[in-house]
Every structure is written in C-alpha cells, then in structure tokens.
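The values are calculated or read from the model by the stated rules, or taken from the named source; none is laboratory data. Given the structure is predicted, the values throughout are model-derived calculations rather than measurements. Don't worry about glycine lacking a Cβ; one is built from the backbone with ideal geometry, like all the others, and counts go over all protein chains shown. Protein only, heavy atoms only, side chains kept; ligands, DNA and RNA dropped before computing areas. Shrake-Rupley method; radii C 1.70, N 1.55, O 1.52, S 1.80 Å.
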Number of protein chains: 2
Amino acid sequence: MYRTHTCGELNIKNVNDRVTISGWIQRIRDKGGMIWIDLRDRYGITQLVFEEGSTSTELILKVKELGREFVIQATGNVIERISKNPNIPTGEIEIKVDTLNILNKSELPPFTIEDNTDGGEELRAKYRYLDLRRNVVKKAMELRHRLAIETRNYLDSIHFIEIETPCLIRSTPEGARDFVVPSRMNPGEFYALPQSPQNFKQLLMIAGYDKYYQIVRCFRDEDLRADRQPEFTQIDCEMSFVEQEDILNTFEGLIKHLFKRVKDVEISSLPRITFADAMKYYGSDKPDIRFGMKFVELNEVVKGKGFKVFDDAETVVGICAAGCSEYSRKQTDELTEFVKKPQVGASGLIYVKYNTDDTLNSSVDKFYNEEELKKWTTAFEAKPGDLMLVLAGPKEKTQKALCELRLEMGNRLGLRKPDVFMPVWVVDFPLLEWDEETKRYYAKHHPFTAPKPEHILLLDNNPGSVHANAYDLVINGVEIGGGSIRIFDRDLQKKMFHVLGFRDEEAEHQFGFLMNAFKFGAPPHGGIAFGFDRLCSLFGGTESIRDYIAFPKNNSGRDMMSDSPSKISEAQLKELNIQIKLQ
Amino acid sequence: MYRTHTCGELNIKNVNDRVTISGWIQRIRDKGGMIWIDLRDRYGITQLVFEEGSTSTELILKVKELGREFVIQATGNVIERISKNPNIPTGEIEIKVDTLNILNKSELPPFTIEDNTDGGEELRAKYRYLDLRRNVVKKAMELRHRLAIETRNYLDSIHFIEIETPCLIRSTPEGARDFVVPSRMNPGEFYALPQSPQNFKQLLMIAGYDKYYQIVRCFRDEDLRADRQPEFTQIDCEMSFVEQEDILNTFEGLIKHLFKRVKDVEISSLPRITFADAMKYYGSDKPDIRFGMKFVELNEVVKGKGFKVFDDAETVVGICAAGCSEYSRKQTDELTEFVKKPQVGASGLIYVKYNTDDTLNSSVDKFYNEEELKKWTTAFEAKPGDLMLVLAGPKEKTQKALCELRLEMGNRLGLRKPDVFMPVWVVDFPLLEWDEETKRYYAKHHPFTAPKPEHILLLDNNPGSVHANAYDLVINGVEIGGGSIRIFDRDLQKKMFHVLGFRDEEAEHQFGFLMNAFKFGAPPHGGIAFGFDRLCSLFGGTESIRDYIAFPKNNSGRDMMSDSPSKISEAQLKELNIQIKLQ
C-alpha cells in the first residue's frame, strides 16, 4: 500500500489523521531548523514538514539527500498550517512526516517542471515525459479525455453506435498521400493507413447501421505545417435517411452539449452562412463571427473618379473599424505595413477617417472630396469616430488580404475574446475546384459528396457552378468540422468520377468495392468529421494542436523522444520483400 | 424528412397515426389481393400492407416492382393487425401504405439476409456490408459498442484518464514481428505500428498520469490462426503507486461492472490460483473453473506394481468423471480415440469404473487388483458411479493431454454452461521461459515485468526459478487479460535485459528512451491489458473474434471485400525510397 490519500485531497477536516502519500518532489525549502517539501502527484500538491529537534536526526539526514523530482512515500500526521495558502485545496494543512521512503531518485531534470518552464521546445520534445508532468500539459490531457468521453456519451444517448474500422486498408491514391505498410504475407503488396474511414462509414450505412460514429486515428503523409501531424484524431460520424438539415441539427446538439458540459458555456444557436456570403462578407470560408466589421464592396461608389488604383482594380473593398478615427499616423502606417507583408499580400492601404466633428479626411483626398467620401460613409454605414480601411486589386487576393486585416483589427480592438465562442455553419460549398496546373476539376470536399439535386444537370455543361450539399462547422475562425450528404446512386457516382477525370477502370480499381455495394440497396446518407485535436485546442484556448497530443511529432514527422522513425534490419526488409533505394 | 419513426418503435398506441418509415425490404408476401412487406432497419421490422381495391392501382403496380433489399420510404396510417405477431415489438400493428417512394433498388443479394443465411464464409466476407445487415452480426456490433462505452464510463468513474498514444512508433524487434511504415520525409527510415502501447504507458506513469487507460488498436505481423487478426483492439491500462493486489482489485471491479451492466450477471468474487496450481490441477494456465474434475497425481499410488507404462512414466495423472461408471465400451473407446488424436497427443487411456454396486473394474485389471484400485478411488475421492480416467507419460505433454480430456468430459457432461461465467486470476507466473532452440531465456510476459522482490537475488544464479508479479485474467478457460507489476528501477531493468541476452548497446538502441526516463523519478507502477475482441466474443457467446470485428481480415491478412493489400504505383514506391524485391 503506497498511499492512503492522493496529494490533492487532504484538508482541514483531516487534521490529526495519520496518512501516507506518495509523489514527486516539486520544491524543497530548507530554512534551517525547518524543511518544507511540496509533494506533487496528478491530483495536487501537499506540503510536508520536517522540524529539526522534533524530527529524528536520521530522518533529517534522509531529507537532506532529497532533490527535485525524487519519488518519495511519506507517512505522518496531518496538522493545521500556521501560514495557509488559499490558492490550493490542500493549503490549510501540512503533514508532519515521521516516516520517509525514497521510492526512486531523480537526476536534475533538464528543465523546470513549472507552468512557465525554462525548457525550449526541442528539449521538452526530447523529454516529453517530463514536459507531461507540467500542470498546463496535464490539464490539456484531462481536457482531451473529458471531451472524448462527453462526445461518446452524448452520441450514445442519441443512439449512435461506435464501430471500429480497420487501420490496414486498401491504398487509394486520390487525395493526400497514403502511408503504406508492406504485407509480408502478400509479397509485393501493401496496405495503406486510412486518411479517414470514409469508404467504411459509407459501407456501414449500406449495411444499415444508421447512426455511426468513431473517435478514430487517421494518417496523412503530407509535408507538415506547424499545426499538422502525420497522425491525427477525428470524431467521424455518418447517418442514414437524413438530409443536410438533419445532420446540422444533430451535431449542433453535440457542439452545444460539449460547450455546456466541458466549459459551462451556453451556445444559443448556430447561425448558417453560405460559402458565397462568407467569402463576400469575411473573405474566408472560415469566418470569425465574434465581431462584425463585414466587408463592404465599393466598386460602384469609388470607380471613375480618376484614381487609377481603384479604376484598374477588379474589386475595391473595405471594412469600417468603429471608434478608430483618431488613429495616429504611426498606427495607420503600421496597418499599411501589415497589409503589405508577403503573407497578407496587398499592395497598399487606403483609409478614410470619419472624425468625431463630422469632417472626413483620407489618404486619397486628391481624388475624393468630402462629398465623395460622404458616399463611402453611407456605403459603410459609418458613424463619426470610425475609420474606414480599403483595399483594391484582384478579387480573390484582395478578399484574402482584407480578411487578414479584419482579423488584425479584431485583435487590436479586443473583439476576438478568448472566452467567447461563436460557432457558425458554412453551407452551399461549390462541389468542385478547378486546378489550373493539372487542368482538371478536383472535389472540393471529396469524390463522394452529393451535388445539390437541382444542380445535377449542370454537371455535364458547367460543373464549376454546381453547389454541393456540403457544410463546415467553423468556430471563432477555425474550421472544426466538415461533411456532406453523400452520393448514394451508382450512376451519379460514376458520373462524378468521370467529371473528376477518372477512367472507368481506375474508378473500378480503386473504388470498385464501394461501387459494387451501391448495387445492393444503398440508403440516402451523409456525415461529418470533426478534427478532434483542433477541437481540443479550441476548448483549451491555445493555438497549437501539439499541446493536446501526448506524444506528438515534429515538423519532419519525427518523435524526438524515441528518435523515430529509425532504420530497420536487413532481415526485416528481406522478410517484407522490399529494399531501400535512396533517390 | 425521410421518416417520422424507425421500423422498431410503432405499436398499438400508434393506431390511426399517420407515419413515414424508411428501410430495406426483408420479405414480400403476395397473396393475390393482399401484399405484405416486412420493412427492416437497424431498430426492427414493421409490416406494410397493400390491398388491391382500396390501394390505388398505380401504387399496386409500383409494389409489384419491388424486390428484396430495395430501399423504400412508405407513408400511411397505422392500423391494428388482424393476425398479430407476439414475437416482435411492432407485431400488433401494420401500416396501410398510400405513398411509396423507391429510394434505391437492389440486385438480388448473393445470400439471404437472415440469421441462418445460405451464404458461405468466403461469400459473406466478400460482401461483408451485406453480412453486416444480418441481425446476429448487428447484435455483435451493438454488444461491442456497449462493452466499450461501459468500460470507459467505469474507468472514468474511478478517475482513469484515456490518453491516446501514437500509432507510428519506433520499431523494437523484441517480441512478435512489427508491421513497418516507410517514412517519406526520413528516407531509408521506418516507423513501426505498435504491438501494444507498453513503452508509452510506462512513460505516462513516469509523467505522473497515475491511472491511464486506452481502448487501442494494436498490430502484430504474425502468421494468423483462426482467432488472430493482424490488427486487434486492447483495453490497455496502467496505474502508479500500486502493488499487484491493487491492480487485481481495481480490474475485478471492471469485470464485475461489465457483467452486471451488459449481461445482468452478478459475479460474486474472482478466485486466485497460482500458475503452479493451475498447471497441477488443470494442466493449463487458462483453467476453465466452471467445473471441478481437478487432476489427481497417482505416481505414489500406482508405480511399482509391474505396469511398465506407469512405471516408466514421468507422471501418472487422472481425473474423476462423476456419474460416468456406466459408460459403454463404445464410449470409453471414443475417449481413447480422443486422447490419441495428434492435437491431444496421449499414447493411450486407462480407466477405472467405480460401479454403483461398489465393485471396481478397469482397463488394467491385470496389474491392479480390487484392493489396489481401492487406493485409486481414495486418491480421487471417487464415489460409486464414477469413472476415473488416467494418462501417463512425460509431465508437460501428459498434463496438456489430460487438460483436453477434462474439457472434453466437461462438454460431454454439460458442465461448461454457456450462460455461466467463472473468472479467475492466475498469478505467480514464472518470469522467464527457456528456449531450447536459441538457448536463451525469453520473458514470459515481457522484458518490463518485475520479478517478485524476494526472488531478485535468484536472477543471477537461477533465473528460471524466479517468479514474476504477473497475472492473467481467465474466464471460462479463455485468457481475457494479462499484466504485471513493472520494473521501475533502472539497474534492475538493465539486469533484466542482460538476463534476456541483450547487449548493452542493443538495449540502449531499442529502449534507450525508456531507460533514460527511469533516471528522472519513475514511480512504482503496473498494469494490465484485455483483449477486447476476445472479451466481446466471450460476452457474445461465440468462438470466433471475427464475428465481433466490423471488417475483419482472413487468415492471409486479406480484406476480401476491398481486395487489400494491393499493389501500389511505382511513383509511390519511388517517393518512399523503397523498391520491391521478391525473394
């Protein structure tokens, strides 16, 4: 028996109890005569006290051997503290230790096990098991666990059934790159690791399972950005006999449940916005709707006044920043610098100040007099005290740049509050995206997404104009989930493969088993998948998904702790019928 | 809106309601004038009725087009049935349909979608999505889901935290063969898929997580037997600051909870038996304790009477089958044939009948008179009416054969009741197993298992005699789980690697990151893992784990449905820096 209590549960009611606790030494304070030790475990910190004189000399000598992160077991009586710590649940008591057992020693850890550690990212990655001891990382793991169990219990309560789909599956080159696994028993052949359980969940619908979900590991062999991992986790869901509306309502329920149960936040409703409007008003299909500052198109108002920049631009579009008319020259210069950054990409910024005294002045006074500028204020519905910020250029690029500027202004004005959560459904996505390089259409969501029924005829002549029954869940400007109603008709699926440039044999080779299944009574169905790592980071309030993964990989796909991937033996390669051939 | 109700919920209270349901056609009965259709979904079966005359001719013509497994949507009024079916919840009503929508057609399925299907195993594997429609398979999936969610909620309630560990890990050749994954970004290097999260869960203990679990996919590239799959699922658990007793008690709680909640079976207590006793009394470390018939060793009783078979045997051991003294010659011959089968492996069977008239006769009357045989009855504690069955030969082989005979007798006497569940902990396993072929010790559990503290000194001189703090959970003769207290001392772990024949560099190369972690305060810890597929099959009452896996693979590791594994393109191979080299 290593402990009678954890380090998080003793309080004033336990005074005089004889207890044993075990844990790690967080801190030792030796004040000469008195020694205090903060003992830490998963549940909290409890103070141990040793007093020269009343504690035996032998024990004091043992205590003097101790160091940070030693694992010890301590037995003694709970006493009331003289100097209480109101910040922790155990802060009113301490344990007067009479028996001490060193369970394991520790070398000095390479960084401090504190919320604000002195360890750099690389060092913490190498010693991830020490990084995981830090309270912030532990909270992240606990949050992840809580989100998973609440997700499961909610979906279970509305009759979803979790079904595990295989990890060793058929490789289908469409989409991102597959990780592959050589099969020893089938020489020269390979499994792939799933990029998602898409085919399997559709087969489960054909099999009649009606409401499926799975919290499932997925794999993509992509070049990694900061927020991507080669393996990641999805909440993967699919339903039968549903239309888009049924799916949105069902998962609105899930999202509300998670916010209520995990963060005690009430989400009143999830507004919907079309893809077209999201682009028009926010310049992004991931709009942060915690604040307004919607885009206003100015083409009609500003063109034809001799200002070449506007006259030549495909679009002139701006936002109105309330209460910013008194921005200094330095501040407007900063904004100009911001939009000119390569990752934002605008060529310049025009501003109009609507002063509190009702006067107007702008960076384009030469071309637009006060009367003209008045028209701008009408378009922006601006009020005295506002600052109008305007960009001009090619439509897509300018929208993207203005989107960045809007978010920057949101940050500056404190409008992107971390404790406010505003989910929104983005709907009516285009079915296809044209790729200039390969001169072909790609599926915007994936090849199994259903076009809107009223658009099916357009597939032949104008596929680019076809809208899909596809939807994304966006929260605070972050895409948290996405899904679609699926094609369940064999002929339509065939047509879709044609539009995507598959030859019949290719489609048959890659997706024959799914096409075959469509012959035997496929029901109407659709689904959604949520990025679970991303959801955790949104709930946790930090940007990086890596913080919410116990053992993440770095940007080269390496686990720095175990130094993996690694070489394998010639014998292993031989058994697998492969050899290495470096390019 | 595809439905107002499912096919499982309408009953007599819904009479006169107007409803819409959707589903698959299970059966059509056309009695001329009246047509009945059984419509099936995940929730049940509801009867639809069409009556020539009162149903429109147009609708009747549509109904005549329908076939088995068509997906339809039907709207009509609920009416009370004349001929009720008390066997199903919807059996008192039917729907008089006035509106019918064919959602999808179906070709004639290649086998019947019935509990007793006419489809062979291979055909059902190829069309697994149709096999999954069968009620028995659906029940298996639902059972699996229920077991998973009850496991999670129980472990959550006692403060376990589910933490996901990586799937792309470092290859460690000790143990079974790894599946490996070439890394494109790290040319010439490979990830492995985890055989278990063993290292990671130990690191989580070192990280202070205290009570970890995960329902997790694991992978082993073994030659497959009927009940093995290349990927399988474990309930993987680990705890810190525990001794063996704490772990046994904790998971006794889980097992009782699962039986209570999922099967409404009360498990009163889990007895414990040592490995040595399990072998002595049952000839197996997986004893089926639903019935007695324990082994009785007869060496002292039977040797030295001139019967060479016994005199030369390492062991003479038998069981007493109560009430079988009147077995016919045919029956005892059958038993003899049974024990002589190659997979049982005995060379013959000796029996003694303790007749109800108190007389004794045996197959070795020549060597043992009634007085001698009386001694046997005493050893067996046999009663009149019993049949004693005795085997002789080399100890291990004979124990194994008698174990099979005992189970056979259990089957014949109906003592292995499918609705009785008798879990037992098998404890005190040997730490090591000697392998004659490679002339070295192997870890019986794995290299991280702790020897019993009082046996540590034996590691140097008599490693074979060291017992481990290792335990298995066995239910009805099936190993459901196993685990151990782990080594948490770096020096002891080093010694263990030595005993297992690792050179220092090998140990460092493979497990360096774990050994390193031991330097920084590893707590005492231990854990257990349960075979989740096996647990499902035990609860479901069938032998094959494949029935409980949505998309299983066959004995060659192939998914017959998607025909995977498969060839991949030259471009893929090139990107991965590998090429195929068939032996």
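Brief remarks on what is shown
- When the residues of the range B:197-210 are filtered to those that are on the phi < 0 side of the Ramachandran plot and either assigned to a loop (DSSP other than H, G, I, E, B) or open to solvent by 30 Å² or more (accessible area, probe 1.4 Å) (or both), the one that is nearest to the other protein chains (Cβ to nearest Cβ) is B:Ala207.
- Unique residue being on the phi < 0 side of the Ramachandran plot, under 30 Å from the mean Cα position of the chain (by Cα) and in a loop (DSSP other than H, G, I, E, B) when the list is A:Pro384, A:Pro447: A:Pro447
- Hits in the range B:241-268 - residues which are outside any helix (DSSP H, G or I), in contact with a strand residue (DSSP E or B) (Cβ under 9 Å, 6 or more places away or on another chain) and open to solvent by 40 Å² or more (accessible area, probe 1.4 Å): B:Glu243
- Residues being within 7 Å of chain B (Cβ to nearest Cβ), surrounded by fewer than 18 Cβ atoms within 10 Å (Cβ to Cβ) and in contact (Cβ under 8 Å) with a residue 40 or more places away in the chain - total across the range A:553-576: 1
- Flag if A:Gln234 is under 30 Å from B:Tyr127 (Cβ atoms), within 20 Å of the chain's Cα centre (by Cα), of a type in the set (S, T, N, Q) and open to solvent by less than 10 Å² (accessible area, probe 1.4 Å): no
- So A:Glu222, is it assigned to a loop (DSSP other than H, G, I, E, B), within 11 Å of chain B (Cβ to nearest Cβ) and either of a type in the set (D, E, K, R) or within 16 Å of the chain's Cα centre (by Cα) (or both): yes
- Every test in (1) surrounded by fewer than 20 Cβ atoms within 10 Å (Cβ to Cβ); (2) closer than 26 Å to A:Ala276 by Cα; (3) in contact with a strand residue (DSSP E or B) (Cβ under 9 Å, 6 or more places away or on another chain) is passed by A:Phe310 save one, and that test is (1).
- Test for B:Arg220: is it surrounded by 17 or more Cβ atoms within 10 Å (Cβ to Cβ) and of a type in the set (Lys, Arg): yes
- Residues within the range B:9-56 that are more than 25 Å from A:Tyr212 (Cβ to Cβ) and polar (S, T, N, Q), tallied: 7
- Any hit, the range A:504-514, residues being open to solvent by 10 Å² or more (accessible area, probe 1.4 Å), touching a residue at least 24 places away in the same chain (Cβ under 8 Å), more than 22 Å from A:Tyr209 (Cβ to Cβ) and within 14 Å of chain B (Cβ to nearest Cβ): yes
- Boolean, B:Asn476 is within 27 Å of B:Lys256 (Cα to Cα), touching a strand residue (DSSP E or B) at 6+ places or on another chain (Cβ under 7 Å), in contact (Cβ under 8 Å) with a residue 40 or more places away in the chain and not assigned by TED's automatic domain parsing to the domain that holds B:Leu203: no
- Selection of the range A:10-26 for residues being more than 14 Å from every other protein chain (Cβ to nearest Cβ) and either in contact with an Asp or Glu (Cβ under 9 Å, 6 or more places away or on another chain) or assigned to a loop (DSSP other than H, G, I, E, B) (or both) yields A:Leu10, A:Asn11, A:Ile12, A:Val15, A:Asn16, A:Asp17.
- Number of residues in the range A:26-42 that are aliphatic (A, V, I, L, M) and buried (at least 20 other Cβ atoms within 10 Å of the Cβ) equals 3.
- Single residue of the range B:428-444 satisfying the filter (touching a residue at least 24 places away in the same chain (Cβ under 8 Å) and part of a strand (DSSP E or B)) that is surrounded by the most Cβ atoms within 10 Å (Cβ to Cβ): B:Leu432
- Looking only at the range A:448-466, residues that are open to solvent by 10 Å² or more (accessible area, probe 1.4 Å), farther than 18 Å from A:Glu243 by Cα and of a type outside the set (Asp, Glu) come to 7 in all.
- The single condition among (1) surrounded by 13 or more Cβ atoms within 10 Å (Cβ to Cβ); (2) β-branched (Val, Ile, Thr); (3) over 31 Å from the mean Cα position of the chain (by Cα) that A:Val344 does not meet is (3).
- Residue within the range A:240-250 that is touching a Leu at 6+ places or on another chain (Cβ under 8 Å), within 30 Å of A:Val180 (Cα to Cα) and in contact (Cβ under 8 Å) with a residue 60 or more places away in the chain present: no
- Qualifying residue in the range B:142-150 (condition: outside the structural domain of B:Pro552 (by TED's automatic domain parsing), charged (D, E, K, R), modelled with pLDDT of 95 or more and within 25 Å of A:Arg486 (Cβ to Cβ)): no
- Just one of the listed residues (A:Leu132, A:Leu193) is more than 21 Å from the chain's Cα centre (by Cα), aliphatic (A, V, I, L, M) and at the interface with another protein chain (Cβ under 9 Å from one of its Cβ atoms), namely A:Leu193.
- Per the listing A:Arg406, A:Arg416, the residue uniquely modelled with pLDDT of 95 or more and not in a loop (DSSP other than H, G, I, E, B) is A:Arg406.
- Number of the condition not met by B:Gly67 [criteria: (1) open to solvent by 70 Å² or more (accessible area, probe 1.4 Å); (2) of a type in the set (Gly, Ala, Ser); (3) under 15 Å from B:Arg29 (Cβ atoms)]: (1)
- Close Cβ contacts (under 7 Å, 6 or more residues apart or on different chains) running from residues in the range A:138-159 that are open to solvent by 40 Å² or more (accessible area, probe 1.4 Å) to residues that are of a type in the set (A, V, I, L, M) comprise A:Glu142/B:Ile161; A:Arg146/A:Val262; A:Tyr154/A:Leu254.
- Lone qualifier among B:Ile88, B:Ile82, B:Ile45, B:Ile60 - being surrounded by 18 or more Cβ atoms within 10 Å (Cβ to Cβ) and either more than 41 Å from the chain's Cα centre (by Cα) or touching a residue at least 12 places away in the same chain (Cβ under 8 Å) (or both): B:Ile45
- For B:Tyr191: the one exception among (1) more than 21 Å from A:Arg128 (Cβ to Cβ); (2) buried (at least 24 other Cβ atoms within 10 Å of the Cβ); (3) not acidic (Asp, Glu): (1)
- Total residues in the range B:135-177, condition within 9 Å of chain A (Cβ to nearest Cβ), within 22 Å of the chain's Cα centre (by Cα) and farther than 20 Å from A:Ile149 by Cβ: 4
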